[in-house]
1. Step by step: first the residues of region 133-146, then only those that are within 14 Å of the chain's Cα centre (by Cα) and in contact (Cβ under 8 Å) with a residue 60 or more places away in the chain, then the one that is surrounded by the fewest Cβ atoms within 10 Å (Cβ to Cβ). Which residue is that?
2. Checking Ile180 against (1) within 25 Å of Gly102 (Cβ to Cβ); (2) in contact with a strand residue (DSSP E or B) (Cβ under 6 Å, 6 or more places away or on another chain), only one condition comes out false. Which one?
3. Restricting attention to region 130-169, which residues are acidic (Asp, Glu) and touching a strand residue (DSSP E or B) at 6+ places or on another chain (Cβ under 8 Å)?
4. So which residues in region 74-112 are among the aliphatic types (A, V, I, L, M), surrounded by 11 or more Cβ atoms within 10 Å (Cβ to Cβ) and not in a loop (DSSP other than H, G, I, E, B)?
5. When you go through Glu211, Glu156 one by one, which is the residue that is in a helix (DSSP H, G or I), farther than 20 Å from Asp80 by Cα and either out of contact with any Ser or Thr (no Cβ under 7 Å at 6 or more places or on another chain) or open to solvent by less than 10 Å² (accessible area, probe 1.4 Å) (or both)?
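The values are calculated or read from the model by the stated rules, or taken from the named source; none is laboratory data. Just so you know, these numbers come straight off a predicted model, no measurement behind them. Cβ coordinates were reconstructed from backbone atoms using ideal geometry, including for glycine residues, and neighbour counts include every protein chain displayed. We work out accessible area using only protein heavy atoms, side chains counted, and drop any ligands, DNA or RNA first. Shrake-Rupley method; radii C 1.70, N 1.55, O 1.52, S 1.80 Å.
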Amino acid sequence: MTPTDSHELAEPDLLAQLEDAPASPSSGRNLLVWIPVFLALVALLGLLGWGLFRERTGASSFSTNDGPAAVAVLSRPAADFSGRLYEPFQGSAEFALADHRGKVVVINFWASWCPPCRDEAPVLEATWRRYKDQDVVFLGIDIWDTEADARAYMREFGITFPNLEDRRGRIAVEYGVTGIPETYFVTPDGMISRKIIGAVTDALLVQGIEEAWQAGKAGP
């Protein structure tokens, strides 16, 4: 056997030994360390992707309040807020709740992608037209929506009362909104007298407005 022949035979033997050799414990530990890092990275990328999707499409963490409306009687101060309106109201491009003290304010949280919001939109507009000259202000707060979809919604239903954009849901969270639509009645002295969970009816709106007036008169 020549030296060349012995070298050729040694190479397969060496490869066989490497294949049969057990994996290094340190390599296994390294793999276990990197698996959680990889999973965390995947989760982070997923959250970032969802955030971008929600920002662009208006997808929301709020659910819709389907079914018959429910009424909750409340008695707590209405948190002050302000924000940009889609269209100017009474010569102002912004709406501040504090500027309307002395009036009943009906605050309706909605979004263009919400089916029960679409059901109640004509009722809200009709009731607003009936009360707008009686020291009653309606305010729509559009949450987790796109401006283009919101404007199309308001054109579709001929909405003329002021509407404020709350794209990230800041005001909704402050008021404790858990689903839409929800409608809050603020008395002339700045207290929330009741809220309606679900699509409003004309009768519920009128009852809420009249009750807010009476509560405001009875206040200190």
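1. Thr146
2. (1)
3. The answer is Asp135, Asp142, Asp145, Glu147, Glu165, Asp166.
4. Selection gives Leu74, Leu85, Ala96, Leu97, Val104, Val105, Val106, Ile107.
5. Glu156
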